[in-house]
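Where a number appears in this text, it was derived from the coordinates with a stated rule and is not lab data. Worth saying up front: this structure is predicted, and the values here are computed from it rather than measured. Neighbour counts run over all protein chains shown; Cβ positions are idealised from the backbone, glycine included.
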Amino acid sequence: MSLIPRAEVDRLKAAAAQAAAALVEHEQIVGLGSGSTALRAVSILAQRVSDGLRIIGIPTSERTEGEARRLGIPLSTLAEHDHIDVTIDGADEVEVGSLNLLKGRGGALLREKIIASATEQLIIVVDETKLVDRLGVQGPVAVEVVPFAWNATARKLQSLGADLARRTTGEGQPFITDGGHYILDCAFGAIDDPEQLQRQLDRMVGVVEHGVFLGLASRVIVGGARGVHVLQSTRND
């Protein structure tokens, strides 16, 4: 858990969002991410659109769609555009070096992964509290599951070592994703082999999608106490 004051974290998020939004160019198809930092970038892009920037946005969640529409960003879908030039999105954890990610605390992981997989350049914006040496050290892995027989899927996840809970709303009702599914928050602790976990989750019946995002980020823009800096992947592609 971060000990940085909330106001300082907000400032770092705003700085990262500003730097990312500045990279968007005229006539691009832009994936619009979810989460607090990504929504800051959406707001900045809206101002650039008002100033004359010509883009088409493809949102990753109903919340982002509503906000982008309210701010005047022209929107479309992957049904109309099979290629996205750049996507700006947030992350819950970023593994330094690999740029592997955990996402999904906002509940939009399925659409976020679909958009990320269709984009030429995925730019992740975070504050420095999201940087980790190994995924899983700060929080659970979000796993989106079919509501039907979700308990059976939960038992399979527990067999992998997950300490899990079904996500609920503030009123105690099951959290329902934009796709109509449940989310099981699965705490594995520090993940030694993200690739193996990804394979296990990918082939598990009942799992729709999960928040392990490997090999998708092009760069990560980090708002830190010493300013904004950019992380590039050290993977051997």
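Could you work out the relative contact order of the chain, using alpha carbon pairs under 8 angstrom and six or more residues apart, expressed as a whole percent?
Reported as a whole number, the value is 23 percent.
Mind listing which GluC sites (Glu not before Pro) in region 1-59 are in a DSSP loop and have 14 or fewer other Cβ atoms within 10 Å? Present the calculation step by step, with values, prior to reporting the outcome.
On the way: sites: GLU8, GLU25, GLU27; in loops: GLU25, GLU27.
When the GluC sites (Glu not before Pro) of region 1-59 are filtered for loop state and at most 14 Cβ neighbours within 10 Å, GLU25, GLU27 remain.
Could you put ARG40, ARG199 in order, starting from the residue whose Cβ has the fewest other Cβ atoms within 10 Å? Before the final figure, lay out each step's value.
Numbers: ARG40 22, ARG199 12.
Sorted ascending by nearby Cβ count, the order is ARG199, ARG40.
Regarding region 145-237, what is the average projected area of its C-alpha convex hull, in nm²? Kindly include the intermediate steps, with their values, before the conclusion.
Values: hull surface 34.7 nm².
Mean shadow area of the hull around the Cα atoms is 8.7 nm².
Using amide H atoms built 1.01 Å from N in the peptide plane, name the residues 5+ places from LEU131, or on other chains, whose amide H lies under 5 Å from its own.
Sorted by chain and number, the residues that satisfy this are VAL94.
Within a 10 angstrom radius of the beta carbon, how do PHE213, PHE148, PHE175, PHE188 rank from fewest other beta carbons to most? Numbers along the way, then the final one.
On the way: PHE213 28, PHE148 10, PHE175 14, PHE188 19.
Neighbour counts put them in this order, fewest first: PHE148, PHE175, PHE188, PHE213.
Counting only pairs 8 or more residues apart or on different chains, how many lysine pairs in the chain have their Cα atoms under 18 Å apart? Provide the component values of the computation, followed by the final result.
Numbers: LYS13/LYS103; LYS13/LYS130; LYS103/LYS113; LYS103/LYS130.
Number of lysine pairs found: 4.
Specify, per residue and in Å³, the volume enclosed by the convex hull of the alpha carbon atoms belonging to the chain. Working shown, then result.
On the way: hull volume 31.7 nm³, N = 237.
Each residue corresponds to 134 Å³ of Cα convex hull volume.
As a test of the formula, what do you get for the chain when each DSSP H run with n ≥ 4 contributes -39,500 (n - 2.57) and the sum is divided by the residue count, at 222 nm and rounded to the nearest 500 deg cm²/dmol? Write out the running numbers ahead of the final one.
Working: 6 runs with 70 residues, N = 237.
Per the formula, -9000 deg cm²/dmol.
Considering amide H positions built from the backbone, and no H for Pro or chain starts, which residues 5 or more places from ARG219, or on another chain, come under 5 Å of its amide H?
LEU122, ILE124
Given H placed on each backbone N at 1.01 Å, which residues far from GLU209 in sequence or on other chains put an amide H within less than 5 Å of it?
Long-range HN contacts for GLU209: GLU144.
With viscosity set to 0.890 mPa s at 25 °C, what whole-number translational diffusion coefficient in µm²/s follows for region 51-161 from Stokes-Einstein and a Kirkwood radius over Cα pairs? Mind dumping the intermediate values first?
Numbers: Rh = 16.1 Å.
Stokes-Einstein gives a translational diffusion coefficient of 153 µm²/s.
Express in nm, to one decimal, how much length is gained between GLU120 and HIS81 on full extension, taking 0.36 nm for each residue of separation and deducting their alpha carbon distance.
Numbers: separation 39, 0.36 × 39 = 14.04 nm, distance 1.27 nm.
The span from GLU120 to HIS81 would gain 12.8 nm if fully extended.
Taking the Cβ of each residue in VAL205, VAL126 as the centre, tally the other Cβ atoms inside 10 Å and list the residues starting with the fewest. Display every interim value, and only then the final one.
On the way: VAL205 9, VAL126 27.
Fewest-to-most ranking of VAL205, VAL126: VAL205, VAL126.
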